[in-house]
Number of protein chains: 2
Amino acid sequence: MSDSNRIAVTASLLGDPARANMLAALMDGRALTAKELAYAAHVTPQTASGHLGKLADGGLLAAEKQGRHRYYRLASPLIGQMLEGVMAVAGPESPRSTAWRGGEALRTARTCYDHLAGRLGVALADALSARGHVTLGTDGGEVTEQGARFLDGFGASPAPGRRVFCRPCLDWSERRPHLAGRVGAALACRCFALGWIARQRDTRAVAITTAGRQGFQQTFGFAIGD
Amino acid sequence: MSDSNRIAVTASLLGDPARANMLAALMDGRALTAKELAYAAHVTPQTASGHLGKLADGGLLAAEKQGRHRYYRLASPLIGQMLEGVMAVAGPESPRSTAWRGGEALRTARTCYDHLAGRLGVALADALSARGHVTLGTDGGEVTEQGARFLDGFGASPAPGRRVFCRPCLDWSERRPHLAGRVGAALACRCFALGWIARQRDTRAVAITTAGRQGFQQTFGFAIGD
DNA sequence: CGTTCACTTCGGCGCCGGCCGAAGCATGGT
DNA sequence: ACCATGCTTCGGCCGGCGCCGAAGTGAACG
């Protein structure tokens, strides 16, 4: 089988709306049951079962059985990255048709596998860059020395000691980069731990709490949230 | 239309073998005619015409008419990046079934949109890293000062003056990173210009010339090619 | 132990999309 | 002007795949 046939096989796994719905639901890094994924995909459990089997056989999902429950998660960060790449190309809807449910919340703040995206994610990247905590270029970026001290103090130290590079991830709703990689993941983890943001049921839109609005304003200098 | 339906629509464009073949053929950054793409995809011109229309309508290809010839190319580097991401997940064939035609040449050296991939691409990244010309981490890397001087001297200066970050791209055949981004593109461009590598007709496998074997050995310290 | 729930498998149906032959239009060459 | 070539469109065919009802297996609960 040629390499482009392998592309076709992998891509066709994403190319069904039900399966795409499932993968998107798993993009917040959590594991969900087959039943929850069936609900997310708007199909019956039997249909979902077939789809999940294909995704697992194709190496995109990892399955774990707990009693009668079957939990699925994305098989690796690489799958998350691939989905990000497809999303970046698929892009947002045209501004004229943004009336679909939940869209605004996703645009405000959401998880993108293990890091934050949407306006919140981009605002974090912008603030860190503007304050000289990270230096960002076209192909990448790096945490500065003062940035490392800042992140240490904030409780989001990405790695001890060594140089810490940043992986920009083109945000599909903002069309500008947010921070992926270890830095992005550490920031997200810390913000959840502080209670500034909270996961919601049935969506990977992330809620910004009152504490979060204050925290982002005082610590990073931007206003976000209702 | 929800974001995951947009994923499905975009992915399904890649999910057909004929279309995947065409996109793969265009991954070396060249523009090809509809006829050439039909040949690459092993379908008739009329079938190819329908597929190309879909890829162009979907924003994946850009079309340009020259007389009776219709040239298509990938619409943007972002498309190349997306395809890289799918290829990284699709991965190589299992070692037991590598007998397909042209596979070894692709693994040795090929273009990955605008930069070099395969063993050659990975060897370049390794050599630059080992010699201290670039520093590479998990999420990215940067050209060092001595590295910038080296690249200047080599004729592959990626950008004047400013800090130059590197974008690692997981090589699907080697499962380790080669260099994408501006640095990778500048290296590839220079190696073509030096005649160390040459494009081949009907494949994005890149031929390593005799001059190239000597040049890579003397300048970068690795042996590659027949 | 019986009931409920989660999940999987089977079988049948219908839709969709890729395929190509045929035909038509446009361009290039002699 | 005629012929060859590149490309597109149309129509029909067929295979593949997602869908769900029905049924079965296994786990959890009272």
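The values are calculated or read from the model by the stated rules, or taken from the named source; none is laboratory data. Note that this is a predicted model, so its numbers are computed, not measured. Every residue, glycine as well, gets a Cβ built from its backbone with ideal geometry; the counts of neighbours run over all protein chains shown. SASA here: full protein model, heavy atoms, side chains in, ligands and nucleic acids out. Shrake-Rupley method; radii C 1.70, N 1.55, O 1.52, S 1.80 Å.
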Regression test value, accessible area per residue of the protein assembly as shown, probe 1.4 Å, units Å², expected 45 Å²
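Loop-only check: which trypsin sites (Lys or Arg not before Pro) in region A:57-91 are DSSP coil with at most 14 other Cβ within 10 angstrom?
On the way: sites: A:K65, A:R68, A:R70, A:R73; in loops: A:R68.
Sparse-neighbourhood loop trypsin sites (Lys or Arg not before Pro): A:R68.
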Dividing the alpha-carbon radius of gyration of chain A by 2.2 N^0.38 Å, where N counts its residues, gives 1.06
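What number, in percent, do you get for the relative contact order of region A:3-75 if the mean sequence gap of Cα pairs under 8 Å and at least 6 apart is divided by its residue count?
Details: 82 pairs, mean separation 22.9, N = 73.
In percent, rounded to a whole number, it is 31.
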For region B:103-220 the translational diffusion coefficient, Stokes-Einstein from a Kirkwood Rh over Cα pairs at 20 °C and viscosity 1.002 mPa s, in µm²/s, is roughly 153 µm²/s
As straight-line cross-link partners of A:K65, the qualifying lysines (C-alpha separation under 28 Å, not fewer than 8 residues apart within one chain) are A:K35, A:K54
Ordered by number, the trypsin sites (Lys or Arg not before Pro) in region A:158-226 that occupy a DSSP loop and have at most 11 other Cβ atoms within 10 Å are A:R162, A:R175, A:R201
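Write down Rg/Rh for region B:3-75, rounded to two decimals, with Rg from the C-alpha atoms and Rh from the Kirkwood relation over Cα pairs. Kindly include the intermediate steps, with their values, before the conclusion.
Values: Rg = 11.7 Å, Rh = 12.1 Å.
Computed over Cα atoms, the ratio is 0.96.
Given a cut-off of 32 Å, what percent of all Cα-Cα pairs of the protein assembly as shown lie beyond it? Before the final figure, lay out each step's value.
Details: 42517 of 101926 pairs.
Counting pairs separated by more than 32 Å, the tail of P(r) holds 42 percent.
For region A:1-53, which trypsin sites (Lys or Arg not before Pro) are in a loop by DSSP, counting at most 16 other Cβ atoms within 10 Å? Can you show the working numbers first?
Details: sites: A:R6, A:R19, A:R30, A:K35; in loops: A:R30.
Passing sites in region A:1-53 are A:R30.
Which net charge results when you count Lys and Arg as +1 and Asp and Glu as -1 among the other residues whose beta-carbon is under 10 Å from that of B:R30?
Values: positive: B:R73, B:R199, B:R204; negative: B:D28, B:E36.
Summing Lys and Arg as +1 and Asp and Glu as -1 gives +1.
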